[in-house]
Amino acid sequence: MLRLHVIVGSTRETRAAERVFQWIDRRARAHGAFEVTLLDLREWPLPMFAEHFGTLGDPAAPTYSDPVVKRWNQTIAEGDAFIFITPEYNHSFSGVLKNAIDNVWASFAFRNKPVGMVSYSSGAVGGARAVEQLALVAIETELVPLRNSVLVAAVGGAFDDDGEPVNPASDAAATVLLDDLEWWGNALAVARANGVLPPGVRRFRELVAEAQARVQAGTP
């Protein structure tokens, strides 16, 4: 069974995230393909990202600057697939979610794993612009962002008294997203088990260093 981490990217006192993540959490657990862990960033007091090689410690067993950062990296490493849930703030995703992603540093714990996006807003586009920008960040972490996402528009009235979406398109989008996560999660789990390339940034540095050494040595 795939280990799915659902990350709640809002910590505001009056956040609209409650019904969104509770619904997604229920749907993911009912899907049957996932062992679901809900990671509410309210419960993760991550510092503003300030890690560097001096705070990392031993690269083979990083200590980081704060125990919570180390625990966060270890927790992310345990996941096979992810769902990011975010509001749309000023045409983008939340700063607290960006900071949580940035704090996964040096461990490459997101690498070669799929991520689905769920975004909500009080407006008519349901956080589409947040998803677009979040996908770019996901690519840089070497996550595999999925094309299909869940966009909850007019979030204040988007759920009934039982916490279910009033628009059937929302539930359909959730089904598509979860099915995609299952397919990609299984495919990438097999690929990782068969062996993965070292991170591209490391391979690039090594190749450049080798080329520079050949130039200095006067060899082709």
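The values are calculated or read from the model by the stated rules, or taken from the named source; none is laboratory data. Computed from a prediction, not measured in an experiment: that's the story for all the values here. Positions of Cβ are backbone-derived with ideal geometry, glycine not excepted, and every protein chain shown enters the neighbour counts.
If you go through segment 180-207 and keep only what is of a type outside the set (S, T, N, Q) and touching a residue at least 24 places away in the same chain (Cβ under 8 Å), you end up with 180, 181, 182, 184, 185, 188, 189, 191, 192, 196, 199, 200.
Residues of segment 1-25 that are free of Cβ contacts under 8 Å to residues at least 60 places away in the same chain, farther than 23 Å from residue 68 by Cα and charged (D, E, K, R): 18, 25. Pairs are defined by a Cβ separation below 9 Å, a sequence spacing of at least 6 or placement on different chains, a first member in segment 156-177 that is free of Cβ contacts under 8 Å to residues at least 40 places away in the same chain, and a second member that is exposed (fewer than 15 other Cβ atoms within 10 Å of the Cβ) and part of a helix (DSSP H, G or I); the pairs so defined are 166/157.
Just one of the numbered conditions (1) in contact with a strand residue (DSSP E or B) (Cβ under 8 Å, 6 or more places away or on another chain); (2) modelled with pLDDT of 95 or more; (3) of a type in the set (A, V, I, L, M, F, W, C) is not true of residue 125: (2).
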